[in-house]
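Report on the structure given below.
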Amino acid sequence: PVPSLKKKKKRPTGPVAAGATGTDASTLNPIDDYKNIDPSFDSNEFENKLSDMYVKFQKSWQNKDLFDLREYITDEFYAQMEGQLDNYLRHNQTNIIENIVVENVLLKGWKQDGENDIMIAELVTCITDYVISDDTGEVIRGDKNARKLMRYEWSLVRKTGETTGHEHEESVCPNCGAPLSLNSASQCEYCGSVITTSAKDWALNSIKGLAQRTLS
C-alpha cells in the first residue's frame, strides 16, 4: 500500500509544486467505458507507458533539455516547461532528480471536450530532488539526502476519433502538408516544424502536483 500523503508547502525544486486540487472523479467517465470507443485500448499498457514517460521526463528535466520528449508534450505545456528550464539556465543551476521510483500509476477516468479525448492519471513516485549551483556544485535548495513521496495528476489528450493501433500511420505535416510518419521523427523533414503526437497518439497536456511527503 502507498503511504498517506499530506500537502506540504515548501519552495518548489522540481517542475511541479505540490498543493493542487485533483480532478473530481465524478466528472470523469470510467476507464472500462473507453473501450466502447477504442476497443484496442489497454489500461495496463497505458499505465506502464506513463511510468516510463515519468522517468524520461525527470531525466530530461535534469539535463535541461526536453527535446527528446517534444513529440509527447502538447505545444502549450512544452512552452511552460521550457520557460521554467530557462530560469535554471539563466541562473546557472541544475535541478537534480535521483533515485526515481514509480510506486503506482492509476487511470482515474476520461472525458471529452468536443475536440479531444482527455485521459486523467494519478502517479505516486519516490524521488530525491534538490538544486545545485553549476558553478560550485553546492546544494542551494532541497536536500540531497531526503527522499520525497510525490503524488501527481497527469492530463493527456488525443484527438477524438483516433484509436489505439493507428498512432504511427503515415499522415501529413499540419504546417506544410508534406507526408509525415510520426514514428520516425518529431520534426517534419521538409519544413522543420516540430510535430506532437496528439493528433494520433496521446500527448501530455498538464501535470498537477497534488501532495508530497519527506520520507527521510
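The values are calculated or read from the model by the stated rules, or taken from the named source; none is laboratory data. What you see is a predicted model, and the numbers here were worked out from it, not measured in a lab. Positions of Cβ are backbone-derived with ideal geometry, glycine not excepted, and every protein chain shown enters the neighbour counts. To get the accessible areas, we keep the full protein, side chains included, count just its heavy atoms, and leave off ligands, DNA and RNA. Shrake-Rupley method; radii C 1.70, N 1.55, O 1.52, S 1.80 Å.
Data for the structure
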{"quantity": "Selected residue (criterion: least open to solvent (accessible area, probe 1.4 Å)) from residues of segment 134-146 that are of a type in the set (Asp, Glu) and more than 12 Å from Tyr88 (Cα to Cα)", "calculated": "Asp143"}
{"quantity": "Restricting segment 186-216 to residues that are outside any strand (DSSP E or B), under 19 Å from Met53 (Cα atoms) and out of contact with any helix residue (DSSP H, G or I) (no Cβ under 7 Å at 6 or more places or on another chain), the residue that is modelled with the highest pLDDT", "calculated": "Trp202"}
{"quantity": "Cβ-Cβ under 7 Å pairs, at least 6 apart or on other chains, segment 192-216 side more than 23 Å from Asp42 (Cβ to Cβ) and among the hydroxyl-bearing types (Ser, Thr, Tyr), far side modelled with pLDDT of 95 or more and open to solvent by 50 Å² or more (accessible area, probe 1.4 Å)", "calculated": "Ser216/Arg147"}
{"quantity": "Asp33 being farther than 20 Å from Met150 by Cα, part of a loop (DSSP other than H, G, I, E, B) and at pLDDT 75 or above", "calculated": "no"}
{"quantity": "Search result, residues across segment 80-116 that are touching an Asp or Glu at 6+ places or on another chain (Cβ under 8 Å) and either of a type in the set (Val, Ile, Thr) or surrounded by 20 or more Cβ atoms within 10 Å (Cβ to Cβ) (or both)", "calculated": "Thr94, Asn95, Ile96, Ile97, Val105, Leu107, Trp110"}
{"quantity": "Qualifying positions in segment 63-114 - basic (Lys, Arg) and either within 21 Å of Lys144 (Cβ to Cβ) or assigned to a strand (DSSP E or B) (or both)", "calculated": "Lys64, Lys108, Lys111"}
{"quantity": "Any hit, segment 46-53, residues being open to solvent by 90 Å² or more (accessible area, probe 1.4 Å) and either touching a Lys or Arg at 6+ places or on another chain (Cβ under 8 Å) or within 22 Å of Asp113 (Cβ to Cβ) (or both)", "calculated": "no"}
{"quantity": "Total residues in segment 114-142, condition without any contact (Cβ under 8 Å) to a residue 24 or more places away in the chain and among the charged types (D, E, K, R)", "calculated": "1"}
{"quantity": "Number of the condition not met by Val131 [criteria: (1) within 17 Å of the chain's Cα centre (by Cα); (2) open to solvent by less than 10 Å² (accessible area, probe 1.4 Å); (3) not hydroxyl-bearing (Ser, Thr, Tyr)]", "calculated": "(1)"}
{"quantity": "Complete set of residues in segment 33-72 that are closer than 24 Å to Asn99 by Cβ and of a type in the set (A, V, I, L, M, F, W, C)", "calculated": "Leu50, Met53, Val55, Phe57, Trp61, Leu66, Leu69"}
{"quantity": "Enumeration of residues in segment 147-168 that are more than 19 Å from Trp61 (Cα to Cα) and not basic (Lys, Arg)", "calculated": "Val157, Thr160, Gly161, Glu162, Thr163, Thr164, Gly165, His166, Glu167, His168"}
